[in-house]
1. Counting only residues that are more than 29 Å from residue A:257 (Cα to Cα) and part of a loop (DSSP other than H, G, I, E, B), how many does the stretch A:123-139 have?
2. Can you name the number of the only condition in (1) at pLDDT 95 or above; (2) more than 30 Å from residue A:297 (Cβ to Cβ); (3) not in a strand (DSSP E or B) that residue A:142 fails?
3. Checking the conditions here, which among B:10, B:39, B:69 is within 12 Å of another protein chain (Cβ to nearest Cβ), part of a loop (DSSP other than H, G, I, E, B) and among the acidic types (Asp, Glu)?
4. For residues that are within 32 Å of the chain's Cα centre (by Cα) and not in a helix (DSSP H, G or I), scanning just the stretch A:316-341, find the one that is surrounded by the most Cβ atoms within 10 Å (Cβ to Cβ).
5. Based on what the data block shows, is residue A:177 polar (S, T, N, Q), more than 12 Å from every other protein chain (Cβ to nearest Cβ) and in contact (Cβ under 8 Å) with a residue 24 or more places away in the chain?
6. Can you report the number of residues in the stretch A:104-122 which are assigned to a strand (DSSP E or B) and more than 19 Å from residue A:22 (Cβ to Cβ)?
7. Out of the residues in the stretch B:72-106 that are within 14 Å of chain A (Cβ to nearest Cβ) and assigned to a helix (DSSP H, G or I), state the one that is surrounded by the most Cβ atoms within 10 Å (Cβ to Cβ).
8. Name the single residue that is farthest from residue A:268 (Cα to Cα) among those in the stretch A:45-72 being touching a Phe, Trp or Tyr at 6+ places or on another chain (Cβ under 8 Å) and within 14 Å of chain B (Cβ to nearest Cβ).
Amino acid sequence: MDNIVKTDAVADVIKTDAVIVGAGPIGLFAVFELGLLDIKAHLIDILPKVGGQCAELYPEKPIYDIPGFPIITGQGIVDNLLHQIKPFGPTFHLGEMVAGLEAMGTAEHPLFRVHTDAEKTFEAKVVIIAAGGGSFQPKKPPIAGIEAYEGKSVHYAVRKIEQFRERRVLIVGGGDSALDWVLNLHPVAKRITLLHRRNEFRAAPHSVNAMRELAAAGKMDFILGQIAGLKGEAGELKAATIRGEDGSVFEHPTDDMLPFFGLTMKLGPIADWGLNLHENLLPVDTEKFETSTPGIFAVGDINTYPGKLKLILSGFHEAALAAQKAHRYVYPDKKLLFQYTTSSTSLQRKLGVA
Amino acid sequence: MIRITYKDSEGHSRTVEAQPGSTVMETALREGIPGIEAECGGACACATCHVYVDEAWTEVVGKPEQMEEDMLDFAFEVRPTSRLSCQIKVTDALDGLIVTTPPRQG
């Protein structure tokens, strides 16, 4: 096993026992269960923060079915989990999406290379997929034919500011992303237009004020209305059709459009990893919660099995059992002794309390 | 008995019974009404349960609160009658309510 790792070693590969895909509540708790078994983990999440849906969709909402907590908020359980896993020192790679997964080992001695879209490469003996409903990705406006422009003149994120130099840029939305890019692209672009459906904004007031000042000084345009269509050829945008606040429909010439309509969950690249899929979920057994590929586990909302319930508490149980099997792969020669945190000196030492 | 009618963008209409205290979104999901996705499960966090409230009902149903109005920025073809159905609580006063689902939730 060690030899395999060394032979394939590449200088800038991050080597670890386990890579956890997704830093939601189940991914976080997997760190705990793996940690008790001396398995070190790195977590990768596409969101810029930990907590998954709990943090992104309902941080303030109360959850009533976490065992031992009659009531706790989405953010509350995330904060508690972070506290709980602290002794195990997990490494977080946030704002990155796992783009590729290669199996390099054997069924008895699995080994994986995991690549992210931030060009990081990991080498791990086990991969725990705790991806929930998939990755949070920008929502695409349902405009007929928008796909033809994507990547060329319709962009859901800004990778290089220079790309917009001397271009007419239409930014759609009223949140921080929209306003931040209005202000950041303004010095570079030929002309910035902000399109928003109402004269109130979710974005930070100082960004809104800065935008209003630019618009009042005639240095950019602010249009009240909604996007209705796109015009152009071969992926090159010529104009956007806008429905104004008064119902009038008009064309607005532009070279680029940046729509900011929030996030939606998509399965994403997991579909391309050669794993069995059933209705966009990963079928697993209920003993080890392992996928069709030995060494790759799936826990939480992303998996499916007879009787599956998409509950946080089910994910916790799944992570505990997956960790037992992961131990066999990471420490093939070590015997695993079942112990309780209440009484085991060895576990308490790992938790830093003994 | 409270009845709610859901129309789709093609004009098909379905009338179902609703429980007081539940939401117009929950009622739609329970009755298998197409055109309402409710991706976030009713947390007012996704704008995929967008509906247009029938003109005759806008006053009874009321206006969205700030948080819902913010989230409507993520919906498409928003109109003055737009609401997120997860934020409309079913009450006796809503018996006969008519809502229309948009062609796409996003």
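The values are calculated or read from the model by the stated rules, or taken from the named source; none is laboratory data. These figures come from a predicted structure and were not determined experimentally. Cβ: placed from backbone, ideal geometry, glycine included. Neighbour counts: every protein chain shown.
1. Residues of the stretch A:123-139 that are more than 29 Å from residue A:257 (Cα to Cα), as a first pass: A:123-132.
Narrowing the set further to residues that are part of a loop (DSSP other than H, G, I, E, B) leaves A:130-132.
Selection size over the stretch A:123-139: 3.
2. (1)
3. Working: B:10 fails: within 12 Å of another protein chain (Cβ to nearest Cβ); B:69 fails: part of a loop (DSSP other than H, G, I, E, B).
So the residue among B:10, B:39, B:69 that is within 12 Å of another protein chain (Cβ to nearest Cβ), part of a loop (DSSP other than H, G, I, E, B) and among the acidic types (Asp, Glu) is B:39.
4. Taking the stretch A:316-341 first, the residues within 32 Å of the chain's Cα centre (by Cα) are A:316-332, A:341.
Then drop every residue that is not not in a helix (DSSP H, G or I), which leaves A:331-332, A:341.
Details: A:331: 16, A:332: 11, A:341: 12.
The extreme case among them is A:331.
5. Numbers: polar (S, T, N, Q): yes; more than 12 Å from every other protein chain (Cβ to nearest Cβ): no; in contact (Cβ under 8 Å) with a residue 24 or more places away in the chain: yes.
When the stated conditions are applied, residue A:177 does not pass them.
6. Residues of the stretch A:104-122 that are assigned to a strand (DSSP E or B), as a first pass: A:112-116, A:121-122.
Now restrict to residues that are more than 19 Å from residue A:22 (Cβ to Cβ): none.
Summing the residues that are assigned to a strand (DSSP E or B) and more than 19 Å from residue A:22 (Cβ to Cβ) in the stretch A:104-122 gives 0.
7. First, the residues of the stretch B:72-106 that are within 14 Å of chain A (Cβ to nearest Cβ): B:72-82, B:84, B:86-87, B:101-106.
With the extra rule that they be assigned to a helix (DSSP H, G or I), the set shrinks to B:72, B:86-87.
Working: B:72: 21, B:86: 28, B:87: 20.
The selected residue is B:86.
8. A:63
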